[in-house]
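The block underneath contains the structure these notes are about, expressed in structure tokens.
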Amino acid sequence: MTSIETVDIAVIGAGLGGAAAMALLDHAGFSAHTFEQAPEFHRLGAGIHIGPNVMKIFREIGLEDRLATIGSHPDFWFSRDGNTGEYLSKIRLGDFARKEYGAPYITIHRGDMHAVQIEALPQDRVHFGHKLTAIEEREDDVLLSFDNGRQVAAKLVIGADGINSAIREMLLGVEKPRFSGWIGHRALVNVEKLRASGLEFEACVKWWWEASRHIMAYNTKGDGSEYYYVTGVPVDGWEHDAAFVDSSREEMEAIFGNSHPEVNALIDATEEVTKWPFWNRDPLNLWSRGRLCLLGDACHPMRPHMAQGACMAIEDAAVLTRCLTECGTESYSEAFQLYERTRRDRATKVQTISNANTWLKEPEDPAWVYAYDPTTAPLG
């Protein structure tokens with residue numbers, strides 16, 4: 001008979017949100033373990049924006065300086081017309097962000113950031129190769145069963161396991177996410193070929209076309225040695241079973257060719273590019289039940305057009321940790337309700353704007369996102 005281990009808090013999923021949750025819980029004095037189905041993580045070719053709202057959280061757990069050293073610090077978020085190059089908006093970041101919002105704004109490779117997060121965790125409490133197969137809610141704990149035969153009884157369970165969350169299915173039943181009607185192409189481009197074009201490439205720029213088609217391009221390293229883009233393209237459907245498929249420079253040229261010279265050079269410097277579907281769910285009316293609680297994409301997935309999806313998951317983790325600290329784990333129901341009341345409106349607003357794909361296309365004040373401090377914002 002398999003012996004059952006016991007833990008205080010089990011975080012299901014060790015992605016960006018799950019790793020942040022465990023780090024914050026550990027920093028606050030809780031005993032947390034994280035269980036991740038992947039056998040290990042790889043440096044996949046994807047970039048990410050981390051706003052001042054989340055850099056403040058990394059400051060709290062001692063990772064801000066490390067990430068700031070690795071990442072790029074754009075002075076502006078530019079929005080430009082993809083055909084003419086006309087500037088649609090110029091949103092100040094850089095030193096302005098540090099002064100006005102209280103922390104830097106960085107763009108960084110997702111894999112580099114994730115590696116820093118994972119390395120900072122107590123390694124004896126990070127468990128890879130654990131795919132959750134069954135959940136049993138019991139009177140005093142939740143019994144978790146994994147595909148490797150291990151069973152763990154947890155006092156509390158935090159579902160940070162993404163849009164296909166097993167914890168969400170436990171709370172709400174099986175419901176497949178809905179294809180949003182959008183795909184994204186992702187590529188790390190040949191920087192030497194970019195430079196050979198003789199053109200200047202801005203550290204953070206979003207190119208726009210009709211029907212909100214776009215390319216978001218930015219540095220993922222502070223020394224400018226890596227340049228990344230992700231697109232947003234409306235399509236009729238997604239017919240593949242895989243999480244992503246290979247695309248090609250030819251496909252990029254067919255969609256975005258004959259555009260501004262900088263866009264054409266960006267596509268010309270593309271060597272390997274993949275294509276991903278963007279999935280959606282409606283805003284969730286249930287964030288927790290009993291000893292189970294959700295955060296991030298498990299709770300409020302969104303298209304990446306606002307560059308705040310991972311940031312919202314990390315904000316969730318910070319606020320949830322504060323609520324558990326405030327109420328205590330024995331009063332977990334009160335803590336979960338306080339967490340939901342604190343997070344629901346903000347997460348839903350970001351989800352809605354992100355899905356609408358209007359963020360910073362025209363001049364606007366982003367302070368309500370970037371100046372927010374999840375470590376001190378009022379609870380409830």
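The values are calculated or read from the model by the stated rules, or taken from the named source; none is laboratory data. Only a predicted model underlies this, so the values are computations on that prediction, with no experimental measurement involved. No Cβ is skipped: glycine too gets one built from the backbone with ideal geometry, and neighbour counts run over all protein chains shown. For accessibility, only protein heavy atoms count, side chains too; no ligands or nucleic acids. Shrake-Rupley method; radii C 1.70, N 1.55, O 1.52, S 1.80 Å.
Per atom type, the chain shows carbon and sulfur on 46% of its accessible surface, probed at 1.4 Å. Here Arg195 sits with roughly 130 square angstrom of accessible surface, probe radius 1.4 Å.
Heavy-atom accessible area, probed at 1.4 angstrom with all protein chains present, ranks Val54, Val230 as Val230, Val54, highest first. Within the chain, DSSP assigns beta bridges of which about 70% are antiparallel (rounded to the nearest 5). In percent, rounded to a whole number, the relative contact order of segment 1-98 is 18, using alpha-carbon pairs under 8 Å and six or more apart. Projected label points at Glu136 and Glu169, each 7 Å from Cα along the beta carbon direction, are separated by 1.8 nanometres.
Treating r as the C-beta distance of Ser331 and Asn258 and R0 as 56 Å, the FRET efficiency rounds to 0.35.
Among Asp246, Asp268, Asp75, the sequence by solvent-accessible area, most first, with a 1.4 Å probe is Asp246, Asp75, Asp268.
Pull up the cross-link candidates among the lysines for Lys275, meaning alpha carbon to alpha carbon under 24 Å and not fewer than 8 places away within one chain. The qualifying lysines are Lys176, Lys193, Lys206, Lys221, Lys361. A full extension of the chain between Phe179 and Trp368 corresponds to an added length of 65.1 nm, given 0.36 nm per residue minus the alpha carbon distance.
This model, with +1 at the C-beta of Lys and Arg and -1 at the C-beta of Asp and Glu, gives segment 188-294 a dipole about its Cα centre of some 680 debye. Kirkwood-type hydrodynamic radius, segment 100-203: 18.7 Å, calculated from all non-identical alpha-carbon pairs. On the basis of the beta-carbon distance and an R0 of 41 Å, Glu272 and Thr375 show a calculated FRET efficiency of 0.60. Each Lys or Arg adds one and each Asp or Glu subtracts one; over the other residues with Cβ under 11 Å from the Cβ of His240, this totals -2. Rounded to two decimals, what is Rg over Rh for segment 173-233 when you use alpha-carbon atoms and the Kirkwood radius? My calculation puts Rg/Rh at 1.13. Tell me, which longest segment in the chain has none of the GluC sites (Glu not before Pro) that fall in DSSP loops with at most 14 further Cβ atoms within 10 Å? In short, 273-363.
Among residues other than Lys131 with Cβ under 15 Å from its Cβ, the summed charge is -4 (Lys and Arg +1, Asp and Glu -1). Along segment 232-243 the Karplus relation, 6.51 cos²θ - 1.76 cosθ + 1.60 evaluated at θ = phi - 60°, assigns HN-Hα couplings of x, 9, x, 9, 7, x, 10, 9, 9, 7, 6, 5 Hz to successive residues, with x for each Gly and Pro.
Applying 1/(1 + (r/R0)^6) with R0 = 41 Å to the Cβ-Cβ distance of Glu86 and Arg66 gives a FRET efficiency near 0.60. The stretch between Ala196 and Ala242 holds 13.0 nm of extra length on full extension. This uses 0.36 nm per residue minus the Cα-Cα distance.
Mean residue ellipticity at 222 nm, helices only, the chain: -9500 deg cm²/dmol; runs of at least 4 DSSP H residues each add -39,500 (n - 2.57), and the sum is divided by the number of residues.
Using only side-chain charges placed at the Cβ, +1 for Lys and Arg and -1 for Asp and Glu, the dipole size of the chain relative to its Cα centre rounds to 500 debye.
Convex hull of alpha carbon positions in the chain: directionally averaged projected area 18.2 nm².
Students often get this wrong: which residues of segment 102-124 have the backbone nitrogen under 14 Å from the point 7 angstrom along Cα-to-C-beta of His42? From segment 102-124, the list is 111.
Placing unit charges on each Cβ (+1 for Lys and Arg, -1 for Asp and Glu) gives segment 45-161 a dipole about its Cα centre, and among Ala68, Asn83, Gln117 the Cα reaching farthest toward its positive end belongs to Asn83. Rg over Rh for segment 203-332 works out to 1.09, using Cα positions for both radii and the Kirkwood form for Rh. Between amide H atoms placed 1.01 Å from N, distances below 5 Å from Val235 occur with Trp182, Ile183, all of them 5 or more places distant or on a separate chain. Would you mind classifying segment 1-59 by shape? Square roots of the alpha carbon gyration tensor eigenvalues, ordered a ≥ b ≥ c; an a/c under 1.5 is rounded, otherwise it is prolate if a/b is larger than b/c and oblate if not. It comes out oblate by the Cα gyration axes. Work out the charge dipole of the chain with +1 on the Cβ of Lys and Arg and -1 on the Cβ of Asp and Glu about the Cα centre, then indicate which of Gln308, Trp238, Ala265 is farthest towards its positive end. Checked the options; the winner is Gln308.
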